[in-house]
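**Q** Got a structure for you, questions after.
The values are calculated or read from the model by the stated rules, or taken from the named source; none is laboratory data. Not measured: the values here are computed from a predicted model. Every residue, glycine as well, gets a Cβ built from its backbone with ideal geometry; the counts of neighbours run over all protein chains shown.
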């Protein structure tokens with residue numbers, strides 16, 4: 001089971017099989033506890049807020065030090081520094097995430 005912690009009500013991922021949607025106003029310790037991050041293998045934090053994503057990663061790591069993190073950090077320099085703060089972390093920028101879709105669109109192929 002995958003639990004999706006959503007920052008704002010209305011943004012739904014429930015259409016995905018095996019996804020349980022939880023709504024919280026912020027990605028707090030309580031939100032991650034409710035989502036059972038303590039027993040999760042990995043967590044992706046992809047909100048469009050570098051500092052908020054970083055803080056969410058810290059909170060999640062507090063609950064589960066063995067957690068694999070994927071953080072969206074749009075400021076590339078900041079991302080390079082953040083990557084070194086976590087033992088198992090991948091930092092993706094908006095360009096890295098969207099480049100394959102742009103190339104596919106240019107070629108007229110599905111992303």
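**Q** Name the residues in the range 74-95 that are under 12 Å from residue 46 (Cβ atoms) and in contact with a helix residue (DSSP H, G or I) (Cβ under 9 Å, 6 or more places away or on another chain), would you?
**A** Result: 74, 90, 91, 92, 93.
**Q** Next up: Of all residues in the range 40-73, count the ones that are modelled with pLDDT of 90 or more and either part of a helix (DSSP H, G or I) or touching a helix residue (DSSP H, G or I) at 6+ places or on another chain (Cβ under 7 Å) (or both). Walk me through it before giving the result.
**A** Keep residues of the range 40-73 that are modelled with pLDDT of 90 or more, which gives 50-69, 71, 73.
Now restrict to residues that are either part of a helix (DSSP H, G or I) or touching a helix residue (DSSP H, G or I) at 6+ places or on another chain (Cβ under 7 Å) (or both): 50-64, 67, 69, 71, 73.
Of the residues in the range 40-73, 19 are modelled with pLDDT of 90 or more and either part of a helix (DSSP H, G or I) or touching a helix residue (DSSP H, G or I) at 6+ places or on another chain (Cβ under 7 Å) (or both).
**Q** Within the set of pairs 6 or more residues apart or between chains, which connect a residue that is on the phi > 0 side of the Ramachandran plot inside the range 30-49 to a residue that is at pLDDT below 90 and surrounded by fewer than 13 Cβ atoms within 10 Å (Cβ to Cβ) with Cβ atoms less than 9 Å apart?
**A** 36/1
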